[in-house]
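What follows is one structure encoded as structure tokens, with my remarks underneath.
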Amino acid sequence: MKEFQDLKDSIRTVPDYPVKGVQFRDITTLLQNRDLFKKMIDGMTKQWAETPIDAILSIESRGFIMAGALAFNLNAAFVPLRKPQKLPFHTYNVSYELEYGATDMHIHKDALDNHKNLLIIDDLLATGGTVIASLDLIRKFEAKNIVGAGFLVNLPALGGFKKLENLGIKSKYLVEF
């Protein structure tokens, strides 16, 4: 989207990180610019402003940066999805594969007790594996409505957007590489 070209231009590409062949999209260069950070949050807020949202779930760790601000702007709760050993109470968990490894994701068992309409936020959509794992976690709760998934960056060549579309998950992003 041309409207967000300055956001895209501010994202640094780090070749061969964390493993050879990966073109890592480093958003810290965008985050350290307050005007671009504000534009990113305002853009993502506008995308979801008309959608009923009770809670924003976000994936550790870069997704937390935008999800907290979005939850504030959209008057929603913030629910963290964390790596192992990071949540102190009873949790559900799922294991999943990343582009360059495997890990687990956890959520407190009581995290969604008062929330039905859920939005998933992460910084970047690549293969969709992390979001699909978060959907698996959400399925452990009864009667939850996933209203969509939002991202700063989409990497369409890796197929995540299409996977989510095939699962019926409405996804939105600001820039793509």
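The values are calculated or read from the model by the stated rules, or taken from the named source; none is laboratory data. Every value quoted in this text rests on a predicted model; they were computed, and no experiment measured them. Glycine also receives a Cβ, built like all others from the backbone with ideal geometry; neighbour counts cover every protein chain displayed.
Annotations for the structure displayed:
- Residue among Asp104, Asp123, Asp110 that alone is at pLDDT 95 or above, more than 30 Å from Asp9 (Cα to Cα) and charged (D, E, K, R): Asp110
- One residue stands out among those in the range 78-101 that are surrounded by fewer than 16 Cβ atoms within 10 Å (Cβ to Cβ) and touching a strand residue (DSSP E or B) at 6+ places or on another chain (Cβ under 6 Å): the one that is modelled with the highest pLDDT, which is Phe89.
- Test: residue in the range 62-71 that is aliphatic (A, V, I, L, M) and over 16 Å from the mean Cα position of the chain (by Cα): no
- The lone criterion from (1) over 30 Å from Lys46 (Cα atoms); (2) surrounded by 17 or more Cβ atoms within 10 Å (Cβ to Cβ) left unmet by Leu74 is number (1).
- Tabulated pairs, the range 68-95, first in contact (Cβ under 8 Å) with a residue 24 or more places away in the chain and among the basic types (Lys, Arg), second surrounded by 12 or more Cβ atoms within 10 Å (Cβ to Cβ) and outside any strand (DSSP E or B), C-beta under 6 angstrom, 6+ apart or interchain: Arg82/Glu60
- One residue stands out among those in the range 52-69 that are assigned to a strand (DSSP E or B) and among the hydrophobic types (A, V, I, L, M, F, W, C): the one that is nearest to His115 (Cα to Cα), which is Ala55.
- Condition broken by Met105, with the remaining ones in (1) assigned to a helix (DSSP H, G or I); (2) in contact with a helix residue (DSSP H, G or I) (Cβ under 8 Å, 6 or more places away or on another chain); (3) within 17 Å of Leu124 (Cβ to Cβ) satisfied: (1)
- In the range 70-101, the residue that is farthest from Asn145 (Cα to Cα) out of those that are assigned to a helix (DSSP H, G or I) and out of contact with any helix residue (DSSP H, G or I) (no Cβ under 7 Å at 6 or more places or on another chain) is Phe72.
- Against the list (1) in contact with a strand residue (DSSP E or B) (Cβ under 9 Å, 6 or more places away or on another chain); (2) modelled with pLDDT of 95 or more; (3) of a type in the set (S, T, N, Q), the condition Gln32 fails is (1).
- Within the range 18-31, residues that are farther than 11 Å from Arg62 by Cβ have Cβ atoms under 7 Å from residues that are buried (at least 18 other Cβ atoms within 10 Å of the Cβ) in these pairs: Thr29/Ser10; Thr29/Ile11, counting only partners at least 6 apart in sequence or on another chain.
- In the range 162-177, the residue that is nearest to the chain's Cα centre (by Cα) out of those that are in a loop (DSSP other than H, G, I, E, B) and over 12 Å from Gly128 (Cβ atoms) is Lys170.
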